Every structure is written in C-alpha cells, then in structure tokens.
1. Yes or no: region 103-120 includes at least one residue that is open to solvent by 10 Å² or more (accessible area, probe 1.4 Å), under 23 Å from residue 16 (Cβ atoms) and at pLDDT 95 or above.
2. Could you check how many residues of region 42-59 are touching a Lys or Arg at 6+ places or on another chain (Cβ under 6 Å), more than 9 Å from residue 18 (Cβ to Cβ) and open to solvent by 30 Å² or more (accessible area, probe 1.4 Å)?
3. Could you please let me know if residue 93 is in contact with a helix residue (DSSP H, G or I) (Cβ under 6 Å, 6 or more places away or on another chain), buried (at least 24 other Cβ atoms within 10 Å of the Cβ) and within 25 Å of residue 236 (Cα to Cα)?
4. Do you know which residues across region 10-48 are touching a residue at least 60 places away in the same chain (Cβ under 8 Å) and not aliphatic (A, V, I, L, M)?
5. Is it true that some residue in region 62-73 is crowded, with 20+ Cβ neighbours inside 10 Å, out of contact with any strand residue (DSSP E or B) (no Cβ under 8 Å at 6 or more places or on another chain) and in a loop (DSSP other than H, G, I, E, B)?
6. Kindly list the number of the only condition in (1) under 14 Å from the mean Cα position of the chain (by Cα); (2) within 24 Å of residue 99 (Cα to Cα) that fails for residue 205.
7. Conditions first: (1) at pLDDT 90 or above; (2) open to solvent by 10 Å² or more (accessible area, probe 1.4 Å). Residue 165 passes all but one, so which condition is the exception?
8. Would you confirm whether or not region 135-143 contains a residue that is free of Cβ contacts under 8 Å to residues at least 24 places away in the same chain, surrounded by 18 or more Cβ atoms within 10 Å (Cβ to Cβ) and closer than 28 Å to residue 25 by Cα?
Amino acid sequence: MPDGFGKITVVVPTYNERDNLPKLVEQLAALPVRLHVLVVDDNSPDGTGEVADKLALESPQSFGVLHRTAKDGLGRAYVAGMLRALDEGADVVIQMDADLSHPSSAIPAMVDALAADDVAVVLGSRYVPGGSVAGDWAWHRKALSTWANFYVDAILRMGVKDATAGFKAWRAETLRRIDIASIQSNGYSFQVEMNYRTVRRGMRIVEVPIRFADRTRGVSKMSLRVQLESALMPWKLRLARSAALARQDS
C-alpha cells in the first residue's frame, strides 16, 4: 500500500441496508489499509440508521454517520457524504454501495493506482480486461449495462469503458476541482457527470478490473425517473459544452 495518502474515507449511502451494512464494515475492517467509513443514511425505515449509529459507538475513530431526513436520490447522498468527508480532512474519498456488489478487496489496488502523480480518479471497472459482472445477472441487465456505456461513450467520447461505474477512489483535490457541490444529477447520470467534469478539466481517469456481484439481500433502488435522467444527461452535458464553445467563438 502507498503511504503517500493520509486519511482515506469510504462514503457509503444507505437506504434499507441493515443486513448488508455490518457485513460491509467487517470486510472493510479486514483490509490492509486504514479506512474511515462514513455512512450516509436517508432515514431508512428498516432501521439502517440505528445500526450505523451502533457501529459508530463501537468504533468512533474510524466510523461516522450522516443522517439525512429525506430520500432524494443516490447522487444527492453521495454529494452530502463527499462534502462531509472533505470537511473532515479526507485526502482520498472512496464511493461504494452498501449492497455488497462492489468488492472491498479491490480497494488496495484502487488506492495503489491512485498514487500515480497524474491520476485523478480510479474506477472499479467491469468492462476492462479482467473485469466482469455477476454470472447470475439476467441477460437483459447485462445488455442494458453494456448499452448504457456504449451510449454514453458515443455521445461524450470520454474513452471510459465503465462510465456508469459507482465504485471509485477520488483524490480530494479532484473533487474540489470538479466542484462536487454543484452537481445536481442522480443515479447513473451522477456517475457520468462526475467523469465528464474530470475529463473536461484535463484530468486522468484510470480503470482497474473488478467482478461486480449482484446484491443478495434487499432490492434495487433503480427507478424509471432515474433511468430517464440517465438517458438525457449525456445530451445535456454535450449541448452545454457546445454552447460554451459557441460563446467563446462569438
């Protein structure tokens, strides 16, 4: 593990993940890298927030909880958590889901890759050599995921194989440069917008392979609204970029 980083904070948004959260925390604690975990709970009716509070009492130096009163989307939860992590002095912010679909074991390799001087963010990628998705994924889920990444790259030309990935390790200065506080999108479009801002500012994205597992407990939070926003966001970003270039030329 590189020793060039100070505080590494893992931001984990939760909504009805009381069964998965303790398992995830156990996995993170077993890694050969010191991590601070920040759970961002959106007032889960199943008591996930109470579970998180108990974990924080047991390990106050390495665990924190941010309670939000409204459930207004994954993107908003991540923004709130990332801003809190930056305020608390994080040098690296890792974003990952609580549903155990992101392999905790990949974090050391992601932090190693982030240590290179020219790397702004590292993605845990399903679609680079060595990466894969769960074998029990239905064919239509695999097709949708593959198509979504093809669609995003065709419009935005970022050169990122897994542009919708939600497992990432960010340098703190990268989050500040892309102005994380001003991002308003949610769902997959949140991931795409963050990547796009990074690329447009001339910063480098690196992808390391992971095996993405399907959740074993709970249900997916993907809604029709999120899917529609995700389909429209690449066009919004492209049109905004075109308008900005046109203003420069006028």
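1. Quick first cut of region 103-120, residues open to solvent by 10 Å² or more (accessible area, probe 1.4 Å) only: 103, 105-106, 108-109, 112-113, 115-118.
Adding the requirement that they be under 23 Å from residue 16 (Cβ atoms) leaves 103.
If we keep only those that are at pLDDT 95 or above too, we end up with 103.
Checking region 103-120: at least one residue is open to solvent by 10 Å² or more (accessible area, probe 1.4 Å), under 23 Å from residue 16 (Cβ atoms) and at pLDDT 95 or above.
2. Keep residues of region 42-59 that are touching a Lys or Arg at 6+ places or on another chain (Cβ under 6 Å), which gives 42, 46-48, 51.
Then drop every residue that is not more than 9 Å from residue 18 (Cβ to Cβ), which leaves 42.
Next, from what is left, pick out any that are open to solvent by 30 Å² or more (accessible area, probe 1.4 Å): none.
Adding up the residues that qualify gives 0.
3. Numbers: in contact with a helix residue (DSSP H, G or I) (Cβ under 6 Å, 6 or more places away or on another chain): yes; buried (at least 24 other Cβ atoms within 10 Å of the Cβ): yes; within 25 Å of residue 236 (Cα to Cα): no.
No, not satisfied.
4. Scanning region 10-48 gives 13, 14, 15, 16, 17, 19, 20, 23, 27, 32.
5. Yes, region 62-73 contains at least one residue that is crowded, with 20+ Cβ neighbours inside 10 Å, out of contact with any strand residue (DSSP E or B) (no Cβ under 8 Å at 6 or more places or on another chain) and in a loop (DSSP other than H, G, I, E, B).
6. Of (1) under 14 Å from the mean Cα position of the chain (by Cα); (2) within 24 Å of residue 99 (Cα to Cα), only one is false for residue 205: (2).
7. (2)
8. In the first step, residues of region 135-143 are kept if they are free of Cβ contacts under 8 Å to residues at least 24 places away in the same chain; the result is 135, 138-143.
Add one more test, that the residue is surrounded by 18 or more Cβ atoms within 10 Å (Cβ to Cβ), and what stays is none.
So far as region 135-143 goes, no, none of its residues is free of Cβ contacts under 8 Å to residues at least 24 places away in the same chain, surrounded by 18 or more Cβ atoms within 10 Å (Cβ to Cβ) and closer than 28 Å to residue 25 by Cα.
The values are calculated or read from the model by the stated rules, or taken from the named source; none is laboratory data. Remember, predicted model here, so these are calculated numbers, not experimental data. Here Cβ is always computed from backbone atoms with ideal geometry, including for glycine, and neighbour counts include all displayed protein chains. Ligands, DNA and RNA are excluded from the accessible area calculation, which covers all protein heavy atoms including side chains. Shrake-Rupley method; radii C 1.70, N 1.55, O 1.52, S 1.80 Å.
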